[in-house]
Each structure stands twice: as structure tokens, then as C-alpha cells.
Amino acid sequence: MDFVQMFLCFLLCWTGVDAVYNLKYTVEEELRAGTKIANVTADAKNAGFALGNRQPYLRVISNSEPRWVNLSPAGLLITKQKIDRDAVCRQTPKCFISLEVMSNSMEICVIKIEIIDVNDNAPRFPTNHIDIEISENAAPGTRFPLEGASDPDSGSNGIQTYTITPNDIFGLEIKTRGDGSKIAELVVEKTLDRETQSRYTFELTAEDGGDPPKSGTVQLNIKVIDSNDNNPVFDEPVYTVNVMENSPINTLVIDLNATDPDEGTNGEVVYSFINFVSNLTKQMFKIDPKTGVITVNGVLDHEELPVHEIDVQAKDLGPNSIPAHCKVIVNVIDINDNAPEIKLLSENSEMVEVSENAPLGYVIALVRVSDNDSGANGKVQCRLQGNVPFRLNEFESFSTLLVDGRLDREQRDMYNLTILAEDSGYPPLRSSKSFAVKVTDENDNPPYFTKPHYQAMVLENNVPGAFLLAVSARDPDLGMNGTVSYEIIKSEVRGMSVESYVTVNSNGEIYGVRAFNHEDTRTFEFKVSAKDGGDPPLTSNATVRIVVLDVNDNTPVMTTPPLVNGTAEVSIPKNAGVGYLVTQIKADDYDEGENGRLTYSISEGDMAYFEIDQINGEVRTTKTFGENAKPSYQITVVAHDHGQTSLSASAYIVIYLSPDLNAQEQIGPVNLSLIFIIALGSIAVILFVTMIFVAVKCKRDNKEIRTYNCRVAEYSYGNQKKSSKKKKLSKNDIRLVPRDVEETDKMNVVSCSSLTSSLNYFDYHQQTLPLGCRRSESTFLNVENQNSRNAAPNHGYHHTFTGQGPQQPDLIINGMPLPEFL
């Protein structure tokens, strides 16, 4: 683009862990609509800005001039209409358009577009002529301010100079005002003579600094009047005063004084504002024409205009007066009269939306807090009120509203936030901004069934397409994320697809596709899947069990005896007695329960001669057949089930009487189950008898067996010597002494702790031994030879032991039960 001068400056600023990228572009005004300014996506990516994988890569959070520029989904910065800098920025030296954009990675990019002024406006005077009167006695060097021209362009394209038609009488002096604008003063170069020339006409030209420059002209008419001896004179050419903003009406600004030594009307001075003083200044201030006192006449606002320049002239009332001029510079002092202003930079200033899946630190909005006051009065601090899962992160020119906690729309879908801002003035001013944050839904909840297992009881032979049952799944998400559809997961039932058995519609209603047969399929299971409409969809499953109930749809079938065309022939002896087994009727029914339980009966025929067992179907004779009996008899046997609507089958039985058969009564078929039960019963009886016998035997043996505690009884005779010869002890010489006998005879024994190897002798009758052991601890053993045992078999319990005889002392053994060796 030849008419576009652009440069790009990248600046990366880090604050803590958050990154703010600044992109600056420069573009000239007067661009037509649709002009591409820059590719922000490419420039931001080159600067290290993290972008998402799909459009829009950037979303605009705020735009100071949405009527001028726009950011396309692809990240192209384009103009929306012709840009006219002079309409917005006027005389401002710098003119910017500001955009704040955010990527999917929650990084902020601030875009500054500087609009460069183009010299598209020429200077223009408010009128087509300027009239001025000058006394003929005006001294050379006398200055007369001239009304200036205006130019909407700024900077070098604004008015830079004034020129006047060349002449040797008057000249121009260019001065710069406080706001940077240029004014011209007419300077008398030579002495004037009204009699020589009383009128002058010149062309005043205002020229800007554009390339090429543009200019505007006005006709300057000068009238020379008769002289007035003395002119008013101000004390100072320039006065500077300070006035507080919001000062009341009639507040004194300055008391001007211009002196004129003349008397009478020639010395009476009148004060007034010069014509080219701005209308705003004339509204804010007024001057007393007699006293020169300037007072406040309107509401002064430092933020609107901090400095006012007032050009005042003083003129006497004499003829041909030459006015005096001075300038009054009024500085409007700022006070803390502006509360902070909070702006929520979002698509909707009253409602901010954020996804419930937004991670910590996700930026949901920009907050710009401004205060028109200056200094400490304009320094603002802001905070977020309440305990909410959000926080403010402050930067130099704005703050970001971040997610600071877990969001769950299903638990809470709306937050009411309030931002408080307070300046540093005295007293401080506060303001607040309340807005709502709406938590938008994400597909974060799978559908869930009201119960994990479903079961339906269905009668067999159902009509295809009949309703079986309904499953229900719920999804707390919204919209398509919460819209649930159902489908049957592919599986097989008896080698066939489950879809050939059942189907499900969008409402979860399950229908049978075919008629079910209880005898083929008594029950089957399948899974139903519930899927929501999110992207990607979420699913859950439930198990459905179909139980096919039996109905009486099967007719009994005769199996025994074999039928030929529904008829069976049997033969029995002619001399068969009463109760003779003719045959047994058997039938099968594939139904279950009462529907398959059969009962047999004889419906017609020779019913007087035969009967049938209703349960097992045995047909037996009820009479004997005499000599005049018929050669054959016929009966019709019926097998019917017990269904609600009973079904039956019949058989036509022809019974022949044969004289050749044995008349012995036949025994029916062996019942194997009965035989098995009888055998088990017999075995159980045998085992029971055996256990009783063993128990009795064990009890008797326990009575005969005694447990003995024996110790070696040691006792020494006082003066008796031990036998030098010891007899060898054999088992035949040991006989056990039972405990009960020991207790009855009150025998005293001396217990010892161990069995010694040497035997001690003691006189049983000479000394009574103390009872030194419990009943369970001592057993008395009588050691004797075979002769003494035979001679006195009943005196083994009271025996006198001597050291001279062949007998040995009794042996008491502790802790070991000994059997009786007899």
C-alpha cells in the first residue's frame, strides 16, 4: 500500500506468571473500508504468543473504536469504515485505537494502533474579513492581536504561520499559545498619518505545515482614526492565576487594572474579552467592564480543560482610543471530585460467561478502572468482593478477571460479583461495579441410569413389537450435552444377534422384535447404552434381563406305549386277576410347572374293567374276566396338563385277552429312585448300630483301666541294716494296688520325687508313714513272690515288710499308668 506507512513494534512484558504482549501498529487516516492493517495472528505468534489450534485464534475483549477497526476470526486487523482522525482526536498530538484480545491459552495481547494525521484540511478563518481601528498616533511596535484561523489537522499539518500582503507600514508577529496553536499579532512598523491615508486593506493568509501545504485567507481592513493622547496600560502583559475546579459562581479569579492618565472620558477605562477568545472561556468566566474583575461564571472542570487563556483588552472612552492588551492564564487546580469509573471489557458488560471446564488462571474478562482526577486523586486500587472462585490480577492500564477455583455448573451456574474501586484522594472516593458470571455447560457428566440392572417378566408367545420395559438415564448437562439417546450394545443370544430379539427407541422404551419361546430361551441378558449429544459424547451402560415366562402352549404328547395312528394294542392273560398291570401310559409336556404337570384318566371305553393311576399312568384291571369275556376291550386314555387352559392328548388302547400268557401278576417297572433311597437308609442304620456298639465298648474299657501316680517310697529303719543281697524284680512280682482300695484301707505312704536305683526297707508296722501325696499322686505297689501271692491273695494291702525275708520294699512309680501284669 503506497498510502499506508506502517511499522511494527513488539514488546513482551512479564508480571509474575502472567504474560501481556503489546503489539503496536501505525497507520494513516483516510483508509477505505476493508483495508488490511496487519496480520495480528502471525505477528503475535512470532512474538511468542501462544495460540489455539482452531479459529478464532484470538477473541476481542475490548475495542475502543469498534466502528473503525475489527479483528477477523483469522486474526486479520482490518478497517470497517473510513478513518477520520480529526473527528475523534481533533488537536490531540497522539491518536490511538486500543484493542485487548485474548488467546485460548489465557494470554493477553494489547494492540495499539496509532492513527497518523494526513493533511486533508486547509486552515479556515471564522469570517471572510477582519476589521480593526488604529489611532494615528500609535507608535511603531504597537501590537494588535488578530483573530486566528482554525485547522482540524494536528501537528505539522496544523497552522504553522501567518503572512500578510507585503507592505512597509504593518508587519506580523507569530506567537504560540499554551495549547500549541499559533496566533498572529499585527505590528505597526511606521508612524501613521490619517490625513495621508485613513484605510488599508491587506490579505491575511494562514498556512499549515503539510506537504504540500494548504492555506486559508481573510481580508484585513485597517482604519486609521484620530489620535487620543494617552492610552490605557496594564501592569503586566501576562498574568497567571490558580483557581480550584468546581469553584462557586462569582469566585474571584483576578482583579485587572489598566491605568490611563487622561481625565474624564478619555481616562475612563473599559475592560472586555478580545473577540477571538473561545466560547468555552467566555462561558466559564466573566469580566466586569468597569473594574476589570474577572470571576467564575461556570463550572470549572480540570478534567475537561486544565488551563484557560483569556485575552483581555482595556480601552478608554475617549475618541480614537488605542486599547491595551494582556493575557490571563488560569490554571484549574484538580480536586478529588471524580470517583473511580469501572468498565467491564467483555462482550456483555452485565453478564460474563465462562466454561465450567475453565482451568485456574483462565481470563474471563478485562476490567479497566479509570479516574479523571490527577495525581493521588486519580490513583485507584480495586478488589473483588466476597468469597468467590475468581480473582483480579492488576496491570498498568487494566486488570484481568481470572478463574481462581473449580467451577461446576451442576452445583452452581451463576455468580454475582462486585468490584470495589477506591482512589487515594482525601477524602477517598469509592465506586463499585456489579455483574453476573454465568457458568456455561460442558459435557463433563456422562448419562447415568436410574438403576444399573433392569428386569422384565414377559410371557412367551408375545406379539412382535410389543412393549417390554423402559430404561431411563439422566444427564445433568444442558442442551445437547444433556440430551440422551439409547442403543443396544451388540451381542448374541443363542447364536443370533440380540437386535433380532429386542430393540430400543430414543425414549429408552424396549420392544420385542420376535415372539419368545420359553422352551427355547428362558432368559437372556443384554446391555443398553445411554449416550449424550456432546462432542465427544459420553456413555454409560445398564444390564437388562428378560425372563420369558411359560404359558400353556404345548399339548401333551403320548410316548408310551407306542401309538400307531393314535392307537396302541396290548395283550394280557385271560385269567388275569384284579390289579393286574395292563400297561403304563406315559406322556411328555414341554411346559413347566402346572402347565407341564400331567394327570391321566380314562375318558371312555370299557371303564368298568380298568382303572388308571392319575399320577404314574399305570392301567390295571378292576375285575376278573370270566368265560364269557370278550376277546378284546377298548379304552381311551387322556393325559391333560394343569394349565389355566388345560391341554390334553388321548390314546386309544385295545386290550386283547390271551389264554397263552402266564396269569402271574406282573410287577410294574422297577423304581430305581426308591431302591436307591432304601439302600441309603439301610447303610445309615448299620452305621448307627456300629457307632452305638463302639461307644459302649469304649466306656467299659475305661472303667477297667486305671491311671496311677507312683513314686518311690523311701523309709529307713533306725537300727536295721540293709540286706546285702537283693532279689531281682520281675514283672510277675508286681501287682497294682487300686486307688479306691488304698483310700479305703487308709494306707499311709511316703511320696518321693524320683525313682531311685536303690531300694529301701522299712517296717510298716513299727512306724506310721505320713500321708505325703494326694490321691492322684500315689499308687501302692506290693512286691511279693509267687508263693506269698498264692498263700494270701487277699492280704496284699496290709503286709509287713522286713529286711530279712525274700520280700522287697514296695515300689511307688510317679506319673506313669501301669497295667496289671497278671
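Return one whole number: the accessible area per residue of segment 233-333 in Å², for a 1.4 Å probe.
Dividing the accessible area of segment 233-333 by its residue count gives 48 Å².
Could you work out how far apart the two model spin labels at GLN197 and LEU252 are, taking each label as a point 7 Å from the Cα in the direction of the beta carbon, and quote it in nm?
Modelled inter-label distance: 4.8 nm.
If I take R0 = 25 Å and measure r between the Cβ atoms of ALA33 and MET351 in this structure, what FRET efficiency does the formula 1/(1 + (r/R0)^6) give, to the nearest 0.05?
0.20
If you plug each phi of segment 602-616 into the Karplus form 6.51 cos²θ - 1.76 cosθ + 1.60 with θ = phi - 60°, what whole-Hz ³J(HN,Hα) values come out, in order, with x for Gly and Pro?
My calculation for segment 602-616 gives 9, 8, 7, x, 7, 5, 6, 9, 9, 9, 10, 6, 5, 8, 9 Hz in order.
Which whole-number value in Å² is the accessible area per residue of segment 129-225, probe 1.4 Å?
Counting only protein heavy atoms, the per-residue value for segment 129-225 is 49 Å².
If you take the beta carbon distance between MET414 and VAL88 as r and set R0 to 35 Å, what does 1/(1 + (r/R0)^6) give as a FRET efficiency, to the nearest 0.05?
Between MET414 and VAL88 the formula returns 0.40.
Could you give the length gained on full extension between ALA436 and LEU581, defined as 0.36 nm per residue of separation minus the Cα-Cα distance, in nm?
42.5 nm
For the pairs LYS451/LYS490; LYS24/LYS82; LYS80/LYS182; LYS438/LYS531, flag any whose C-alpha to C-alpha distance is greater than 23 Å.
Going by Cα-Cα distance, LYS80/LYS182; LYS438/LYS531 fall outside the 23 Å limit.
Using amide H atoms built in the peptide plane, which far-off residues or other-chain residues are under 5 Å from ILE116 H to H?
VAL27, GLU28, GLU29
Please compute the modelled spin-label separation between ASN128 and GLU519, points set 7 Å along Cα→Cβ, answer in nm with one decimal.
So the two model labels end up 11.9 nm from each other.
On the accessible surface of segment 21-116, probed at 1.4 Å, how many percent belong to carbon and sulfur atoms?
48 percent
Ignoring ligands, DNA and RNA, please state the percent of accessible area on segment 446-534 from carbon and sulfur, probe 1.4 Å.
Ligands and nucleic acids excluded, carbon and sulfur give 52 percent.
Sequence-distant or interchain residues sharing an amide H contact under 5 Å with ASN297, placed H: which?
ASN250, PHE285, LYS286
Points 7 angstrom from Cα along the Cβ direction at ARG383 and ALA139: gap in nanometres?
6.8 nm
Quote the relative contact order of segment 174-274 in percent (integer), defining contacts as alpha-carbon pairs under 8 Å separated by 6+ residues.
Reported relative contact order: 18 percent.
Using only alpha-carbon positions, what ratio does the radius of gyration of segment 523-631 give when scaled by 2.2 N^0.38 Å?
With N residues counted in segment 523-631, Rg over 2.2 N^0.38 Å equals 2.05.
Given a Förster distance of 22 Å, report the FRET efficiency between SER181 and THR240 from their Cβ-Cβ distance, rounded to the nearest 0.05.
Efficiency for this residue pair is about 0.75.
Please say if segment 341-439 is rounded, prolate or oblate, where rounded means a/c under 1.5 for a ≥ b ≥ c the square roots of the C-alpha gyration tensor eigenvalues, and otherwise the choice is prolate for a/b larger than b/c and oblate otherwise?
prolate
With only alpha-carbon atoms counted, please give the Rg and Dmax of segment 233-333, in Å.
14.0, 46
Take the alpha-carbon positions of segment 129-225, form their convex hull, and give its projected area averaged over all directions (one quarter of the hull surface) in nm².
Projected over every direction and averaged, the Cα hull of segment 129-225 covers 6.2 nm².
Under the Karplus relation 6.51 cos²θ - 1.76 cosθ + 1.60, θ = phi - 60°, what is the ordered set of whole-Hz ³J(HN,Hα) values for segment 321-338, x standing for Gly and Pro?
Working through the residues one at a time gives 6, 9, x, 9, 10, 8, 10, 10, 9, 9, 8, 8, 7, 6, 10, 7, 10, 10 Hz.
Calculate one ³J(HN,Hα) per residue across segment 63-69 by plugging θ = phi - 60° into the Karplus curve 6.51 cos²θ - 1.76 cosθ + 1.60, and present them in order as whole Hz with x for glycine and proline.
Once rounded to whole Hz, the list reads 8, 5, 9, x, 6, 9, 10.
Remind me, relative contact order of segment 233-333 in percent, using alpha carbon pairs under 8 angstrom and six or more residues apart?
39 percent.
The values are calculated or read from the model by the stated rules, or taken from the named source; none is laboratory data. Owing to the predicted nature of the structure, the values given are computational and were not obtained by experimental measurement. Reconstructed Cβ throughout: ideal geometry from the backbone, glycine too, with neighbour counts over all protein chains shown. Note: accessible area is taken over every heavy atom of the protein model, side chains too, but ligands, DNA and RNA are not part of it. Shrake-Rupley method; radii C 1.70, N 1.55, O 1.52, S 1.80 Å.
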